[in-house]
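Read-outs throughout are calculated quantities, based only on the coordinates presented, and are distinct from any laboratory measurement. A quick note: this is a predicted structure, and the numbers were derived from the prediction, not measured. All Cβ positions, glycine included, derive from the backbone under ideal geometry; neighbour counts span all protein chains shown.
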Amino acid sequence: MPWELTIPVPTYKPFPTQCAVGTYALEVVFTDAGSFPIWITKNPTDLIHVATQTVSLVGNYNFKVVATESITGLKNDFNSFVASIQTPKYATDLTIITSTAINNLTYLISDPAVVLNLPEYTITPSNADKNFVYSLAASTPAFITLVPQGTGFPKIHIYTT
């Protein structure tokens, strides 16, 4: 399961308020030892994006946002944050909810199309990270397909003439 977070970039106001201010460039600086991690946006424009799916990167990472004003070159580097990447919570059991199971059915050639919901599952532990990927077995006949839905949960479509 990827670890992902999107944060709006901070905004800055001039001081004193009557001063002219130009645009400012933003840079995220890695304040720990080592090279800058590739899993975070280094030069954001409107969002700072932090994402990884590498379990070996579990830990705390210290960053600060540096804003540089274009007219004077004045910098503000007071905005610091810590990205804490935690160990995923793996599922240990996946149990079908009986009331959602697909029952055996007889389908005759040229019958109207049949559209079925996918079964639902309970996951142990209930707070496990999860990302369902649905597929049909390679031996599934071509007239049975998965139809994508806007919800992310496809439906099973059966139809042939």
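Looking at the stretch 32-47 only, could you name the residues that are farther than 16 Å from residue 85 by Cα and of a type outside the set (Asp, Glu)?
33, 34, 35, 42, 43, 44, 45, 47
Test residue 106 against the criterion of being of a type in the set (S, T, N, Q) and exposed (fewer than 10 other Cβ atoms within 10 Å of the Cβ), and give yes or no.
In short, yes.
How about the stretch 68-93: which of its residues are hydroxyl-bearing (Ser, Thr, Tyr) and assigned to a strand (DSSP E or B)?
68, 80, 84
Wholly within the stretch 1-65, which strands (runs of 3 or more DSSP E) include no fewer than the required count, namely at least 3 residues that are in contact with a strand residue (DSSP E or B) (Cβ under 7 Å, 6 or more places away or on another chain) and within 12 Å of residue 79 (Cβ to Cβ)?
24-30
Please state which of the following conditions residue 38 fails to meet, knowing it meets all the rest: (1) surrounded by 10 or more Cβ atoms within 10 Å (Cβ to Cβ); (2) free of Cβ contacts under 8 Å to residues at least 40 places away in the same chain.
If we test residue 38 against (1) surrounded by 10 or more Cβ atoms within 10 Å (Cβ to Cβ); (2) free of Cβ contacts under 8 Å to residues at least 40 places away in the same chain, just (1) comes out false.
State all residues of the stretch 125-145 that are surrounded by 12 or more Cβ atoms within 10 Å (Cβ to Cβ) and either under 24 Å from residue 53 (Cβ atoms) or in contact with a helix residue (DSSP H, G or I) (Cβ under 6 Å, 6 or more places away or on another chain) (or both); if no residue qualifies, say none.
128, 129, 130, 134
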